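**Student:** Starting off with a structure, shown below.
The values are calculated or read from the model by the stated rules, or taken from the named source; none is laboratory data. Since the model is a prediction, treat every value here as computed from it, not as a measurement. We place every Cβ from the backbone using ideal geometry, glycine too, and count neighbours over all the protein chains shown. To get the accessible areas, we keep the full protein, side chains included, count just its heavy atoms, and leave off ligands, DNA and RNA. Shrake-Rupley method; radii C 1.70, N 1.55, O 1.52, S 1.80 Å.
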Amino acid sequence: MHFFSDNATPVCPDVMAAIAAADRADHGYDGDAWSARLDDAFSALFGTPVQALWIASGTAANSIALACLCPPYGGVIAHEEAHIVVDECGAPGFFTHGATLMPLPGVGAKLTPDAIRDRLKAIRPDVHQVPTRAISITNATEYGLVYTPQEVAALSDVAKAHGLGLHMDGARFANAVAHLGCAPADVTWRAGVDALTFGCVKNGGMIGEALLFFGPQARDRAGEARRWRKRSGHLFSKGRYLAAQLLAMIENDLWLRNASAANVAAQLLAKGAGNRLMHPVEANELFVRLTAEEAATLRAQGFDFHDWGHGAARLVTNWSQDEAAVAPLAAALARL
């Protein structure tokens, strides 16, 4: 009864089957038949020409994306609790050769256009201060909230008005789209996103994420990203196994089915949690108020989860959990 993280889940059988099917001789690195299909497959999914490449991890994908959008002397605006700020050990600065993260507050780990405009106004246009060159948002956010297409477009308007690139960390992008019920294009390139980290591992993959580029600069940026991938040691010699997973995810809508299952499981837990919820449940993460004694009571019943500061806990559901898997925890929460 694990609710630690969707990183800890088993590999989806369809993904495992795709890995096995790729287990034959082919060209190395990204010269194989599976990697060659990524651009067309993601272009079909998003309804526009897409440059797609596999990356070993979400941290590397986020950081390489930012390295393609921001020079070493530039800055990246992000939420103060964004993964790139809190949980990536300075990787964005490492990959960009020194770019500055510019954290901002916001309810539910969301950025707002007004907060970004205020930050931009405070930067003098001289050589003594770091100029902003990109904005990075997370969808779904670190508190499980989802940016709508309209919210992304409003942030993009600010970005475009100031010549900034817009990156989306989509570690749980599938959960966001499943919640919205929109086309993936609506919340990305149609709303002005330039680069997307498309999550796979949290949604049932074994290893690897996709880094996608949209728009007129996509080809040039993808070319830079491929060099960053090699230079940083993330160009796997047998990349077909990563590409095969991504193709298995998107070609038959497995990515949406898995995310929808995780979201449904989260809603079932939310009913049990009731007024303990600290944020609306829009994806597959729940943040609930629990005293230390209540947390200990749940753990004594076999439920595993992370504490989240004082008097709170985070519960994460995943693609493999159905109603029967989450019902015991939902009932235990309701009994507290």
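**Student:** Step by step: first the residues of region 30-49, then only those that are farther than 15 Å from residue 186 by Cα and small (Gly, Ala, Ser), then the one that is most open to solvent (accessible area, probe 1.4 Å). Which residue is that?
**Tutor:** Going residue by residue through region 30-49, those that are farther than 15 Å from residue 186 by Cα are 30-41.
Filter once more, keeping what is small (Gly, Ala, Ser): 31, 33, 35-36, 41.
Values: 31: 43, 33: 51, 35: 16, 36: 73, 41: 17 Å².
Across region 30-49, the extreme among qualifying residues is 36.
**Student:** Which one is nearest to the chain's Cα centre (by Cα), of the residues in region 124-139 that are open to solvent by 30 Å² or more (accessible area, probe 1.4 Å) and of a type outside the set (Asp, Glu)?
**Tutor:** Of the residues in region 124-139, the ones open to solvent by 30 Å² or more (accessible area, probe 1.4 Å) are 124-131, 133.
Restricting the remaining residues to those that are of a type outside the set (Asp, Glu) gives 124-125, 127-131, 133.
On the way: 124: 32, 125: 32, 127: 33, 128: 33, 129: 30, 130: 26, 131: 26, 133: 21 Å.
Filtering first and then ranking leaves 133.
**Student:** Another question, then. Answer yes or no as to whether residue 76 is in contact (Cβ under 8 Å) with a residue 12 or more places away in the chain, open to solvent by less than 10 Å² (accessible area, probe 1.4 Å) and closer than 25 Å to residue 221 by Cα. Walk me through how you get there before you give the answer.
**Tutor:** Details: in contact (Cβ under 8 Å) with a residue 12 or more places away in the chain: yes; open to solvent by less than 10 Å² (accessible area, probe 1.4 Å): yes; closer than 25 Å to residue 221 by Cα: yes.
For residue 76, the condition - in contact (Cβ under 8 Å) with a residue 12 or more places away in the chain, open to solvent by less than 10 Å² (accessible area, probe 1.4 Å) and closer than 25 Å to residue 221 by Cα - is met.
**Student:** Please determine, by comparing only the residues of region 98-123 that are open to solvent by 70 Å² or more (accessible area, probe 1.4 Å) and touching a helix residue (DSSP H, G or I) at 6+ places or on another chain (Cβ under 8 Å), which one is nearest to residue 60 (Cα to Cα).
**Tutor:** Within region 98-123, the subset open to solvent by 70 Å² or more (accessible area, probe 1.4 Å) is 105, 107, 114, 117-119, 121.
If we keep only those that are touching a helix residue (DSSP H, G or I) at 6+ places or on another chain (Cβ under 8 Å) too, we end up with 105, 117.
Values: 105: 24, 117: 28 Å.
Of everything passing the filter in region 98-123, 105 is nearest to residue 60 (Cα to Cα).
**Student:** Name the helices (runs of 4 or more DSSP H) wholly within region 144-248 that hold at least 2 residues that are of a type in the set (Phe, Trp, Tyr) and open to solvent by 30 Å² or more (accessible area, probe 1.4 Å)? Step through it out loud before you land on a result.
**Tutor:** Numbers: elements: 149-161, 173-180, 218-231.
Answer list for region 144-248: none.
**Student:** Restrict the check to region 298-319 and report whether at least one residue is of a type in the set (Ser, Thr, Tyr) and assigned to a loop (DSSP other than H, G, I, E, B).
**Tutor:** Filtering region 298-319 for residues of a type in the set (Ser, Thr, Tyr) gives 317.
After this cut, where a residue has to be assigned to a loop (DSSP other than H, G, I, E, B) as well, the list is 317.
Taking every residue of region 298-319 in turn, at least one turns out to be of a type in the set (Ser, Thr, Tyr) and assigned to a loop (DSSP other than H, G, I, E, B).
**Student:** Hey, another quick one. Within region 249-268, track down each residue that is open to solvent by 40 Å² or more (accessible area, probe 1.4 Å) and of a type in the set (Gly, Ala, Ser). Steps first, please.
**Tutor:** Initially, region 249-268 is screened for residues open to solvent by 40 Å² or more (accessible area, probe 1.4 Å), giving 251-253, 256-257, 260, 264, 267-268.
260, the sole residue that qualifies.
**Student:** Ok, one more. Can we say residue 294 is open to solvent by less than 80 Å² (accessible area, probe 1.4 Å) and among the acidic types (Asp, Glu)?
**Tutor:** Values: open to solvent by less than 80 Å² (accessible area, probe 1.4 Å): yes; among the acidic types (Asp, Glu): yes.
Yes, satisfied.
**Student:** Oh, and also: Restricting region 108-143 to residues that are of a type in the set (Val, Ile, Thr) and assigned to a loop (DSSP other than H, G, I, E, B), which is farthest from residue 169 (Cα to Cα)? Steps first, please.
**Tutor:** Going residue by residue through region 108-143, those that are of a type in the set (Val, Ile, Thr) are 112, 116, 123, 127, 130, 132, 135, 137-138, 141.
Subset that is assigned to a loop (DSSP other than H, G, I, E, B): 112, 123, 127, 130, 141.
Numbers: 112: 16, 123: 25, 127: 30, 130: 23, 141: 9 Å.
Within region 108-143, the match that is farthest from residue 169 (Cα to Cα) is 127.
**Student:** Let me ask something else about it. Need pairs with beta-carbon distance below 9 Å; first residue closer than 16 Å to residue 8 by Cβ and within region 304-318, second crowded, with 23+ Cβ neighbours inside 10 Å and among the polar types (S, T, N, Q); sequence gap 6+ or separate chains.
**Tutor:** Final answer for the pair search is 316/284; 317/263; 317/284; 318/203; 318/258; 318/284.
**Student:** Report yes if residue 326 is in contact with a helix residue (DSSP H, G or I) (Cβ under 8 Å, 6 or more places away or on another chain), part of a loop (DSSP other than H, G, I, E, B), β-branched (Val, Ile, Thr) and in contact (Cβ under 8 Å) with a residue 40 or more places away in the chain, otherwise no. Walk me through how you get there before you give the answer.
**Tutor:** Details: in contact with a helix residue (DSSP H, G or I) (Cβ under 8 Å, 6 or more places away or on another chain): yes; part of a loop (DSSP other than H, G, I, E, B): no; β-branched (Val, Ile, Thr): yes; in contact (Cβ under 8 Å) with a residue 40 or more places away in the chain: yes.
No: the conditions fail for residue 326.
**Student:** Condition first: of a type in the set (S, T, N, Q) and over 19 Å from the mean Cα position of the chain (by Cα). Now tell me which residues in region 87-123 satisfy that. Can you show your working first?
**Tutor:** Of region 87-123, the ones of a type in the set (S, T, N, Q) are 96, 100, 112.
Listed by number, the residues that qualify are 96, 100.
**Student:** Among (1) open to solvent by 50 Å² or more (accessible area, probe 1.4 Å); (2) free of Cβ contacts under 8 Å to residues at least 12 places away in the same chain, there is one condition residue 81 misses while meeting the rest; what is its number?
**Tutor:** Here residue 81 clears every test but (2).
**Student:** Another question about this same structure. Considering each residue of region 276-314, count those that are among the aromatic types (Phe, Trp, Tyr) and out of contact with any strand residue (DSSP E or B) (no Cβ under 8 Å at 6 or more places or on another chain), and give that number.
**Tutor:** Within region 276-314, the subset among the aromatic types (Phe, Trp, Tyr) is 287, 303, 305, 308.
Cutting the leftovers down to out of contact with any strand residue (DSSP E or B) (no Cβ under 8 Å at 6 or more places or on another chain) gives us 303.
Result for region 276-314: 1.
**Student:** Yes or no: region 36-53 includes at least one residue that is of a type in the set (Val, Ile, Thr), under 30 Å from residue 314 (Cα atoms) and under 19 Å from the mean Cα position of the chain (by Cα). Outline the logic, then answer.
**Tutor:** The initial filter retains those residues of region 36-53 that are of a type in the set (Val, Ile, Thr), namely 48, 50.
If we keep only those that are under 30 Å from residue 314 (Cα atoms) as well, we get none.
No, region 36-53 contains no residue that is of a type in the set (Val, Ile, Thr), under 30 Å from residue 314 (Cα atoms) and under 19 Å from the mean Cα position of the chain (by Cα).
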